[in-house]
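Visitor: Quick one: the structure is below, questions incoming.
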């Protein structure tokens, strides 16, 4: 594109496009400032060869964008329940709750994290395909919303509820069986998905309508058809399916029994650049166009976004321990690999990550792009974050910045080779510099020993073992 063409494109760019580009540029500037400060302040260095950084300003911006997107299309109550699995860190959950978000939990551990973060039961939703009686009993006692996954779970709830109306809102998860996105393992609305009641199976829809008729306390309906690799129109089809089901249930009941629709989350993330696309505003507008009744005020709404709120705001900074060549190809051996990016290492085509090259002082490297491998520390050949990736050549003592890792990466440690969890630090910055706050301290080796049974070293030597 010529300079004249670029100028013309800039003049004709829509305000929305310009805003997205401006936000991306600001995020990139904050990241560069934080990386350099992390090195200067000793958060990263020879003795701390891997560290994770969270952009607090970016998180707040994404939370506001989500709130504003739905506020623009409906006056109905909306609970945005962050999917804790995407970033199970108490300070992050507390920050998001301060920004008006609740929590969607899928295990006793996630519930404990949300509780520790101060998220109240009224702002918490329990989803899981394998809830125990104890988990259901606790949720009902606390008043946490529950989405039942299947008929057997509904029978358990019958026994726990008895003849009394539960204090918890209770719904049923359905699978609209719409098909898969581009990543099969993450597609939750396939014909054979393990999640929810398969709505297109023979007799299933009739059973669902009857189940609601028999249980006046079933007041919610839930689906989750989105995830990475799922296009927005397919997500909208899933939401339309649960809306139409609620309409059918209410018509059969002769009243508005279902008063809340939990439409899940799963907005895909752009891993190719700093731009946050697709946007929440685009998705909310698509839903308004495709399912207008969803926003006419008759239904309260629940969303369960996770990755899209956090992914763009995380960076893993890994020191290059050695720079070598093999078969003529340069290899930067770093301290970031499968332990923080298992999905990328095992399925690189589905989960590519951007890498930025920084020098030993944390400054962006310049120079010609050289195809090179960015390798991790684990003892197997496939522990690569990037293969044959063109970057300014990384040397010993430089840093590889692994971008877009704020969700499902550094908080989901994989203990290959007993590698310790890195420290995580939130940052804010202005003209006066960068300030860091500890989100999680680096894991001490003594913790690894304890997790590996260090306190029971003689257990297998005892008589009868």
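The values are calculated or read from the model by the stated rules, or taken from the named source; none is laboratory data. Bear in mind the structure is a predicted one, so any value in this text is a computation, not a measurement. Cβ: placed from backbone, ideal geometry, glycine included. Neighbour counts: every protein chain shown.
Visitor: Is it the case, given these coordinates, that residue 96 is part of a helix (DSSP H, G or I), on the phi < 0 side of the Ramachandran plot, touching a helix residue (DSSP H, G or I) at 6+ places or on another chain (Cβ under 7 Å) and assigned by TED's automatic domain parsing to the domain that holds residue 265?
Guide: yes
Visitor: Applying the selection to segment 356-382, what residues are buried (at least 21 other Cβ atoms within 10 Å of the Cβ) and closer than 21 Å to residue 339 by Cα?
Guide: Within segment 356-382, 357, 372, 374, 375, 376 meet the criteria.
Visitor: Let me ask something additional. Residues that are outside the structural domain of residue 174 (by TED's automatic domain parsing) and surrounded by fewer than 24 Cβ atoms within 10 Å (Cβ to Cβ): which strands (runs of 3 or more DSSP E) entirely in segment 232-347 hold 2 or more of them?
Guide: 314-326, 329-334
Visitor: Hey, residue 407 hits all of (1) more than 13 Å from residue 336 (Cβ to Cβ); (2) surrounded by fewer than 17 Cβ atoms within 10 Å (Cβ to Cβ) but one; which does it fall short on?
Guide: Of (1) more than 13 Å from residue 336 (Cβ to Cβ); (2) surrounded by fewer than 17 Cβ atoms within 10 Å (Cβ to Cβ), only one is false for residue 407: (2).
Visitor: Here is a further query. Would you be able to tell me the number of residues in segment 60-83 that are part of a helix (DSSP H, G or I), in contact (Cβ under 8 Å) with a residue 40 or more places away in the chain and crowded, with 16+ Cβ neighbours inside 10 Å?
Guide: Number satisfying all stated conditions: 6.
Visitor: Looking at (1) out of contact with any strand residue (DSSP E or B) (no Cβ under 8 Å at 6 or more places or on another chain); (2) assigned by TED's automatic domain parsing to the domain that holds residue 294; (3) without any contact (Cβ under 8 Å) to a residue 12 or more places away in the chain, can you tell me which one residue 47 breaks?
Guide: (2)
Visitor: Evaluate segment 389-410: report whether one residue or more is in a loop (DSSP other than H, G, I, E, B), over 21 Å from residue 355 (Cβ atoms) and either more than 22 Å from the chain's Cα centre (by Cα) or not assigned by TED's automatic domain parsing to the domain that holds residue 347 (or both).
Guide: Checked against the condition, which is being in a loop (DSSP other than H, G, I, E, B), over 21 Å from residue 355 (Cβ atoms) and either more than 22 Å from the chain's Cα centre (by Cα) or not assigned by TED's automatic domain parsing to the domain that holds residue 347 (or both), segment 389-410 yields no hits at all.
Visitor: Out of the residues in segment 421-451 that are part of a loop (DSSP other than H, G, I, E, B) and at pLDDT 95 or above, which is surrounded by the most Cβ atoms within 10 Å (Cβ to Cβ)?
Guide: That would be 422.
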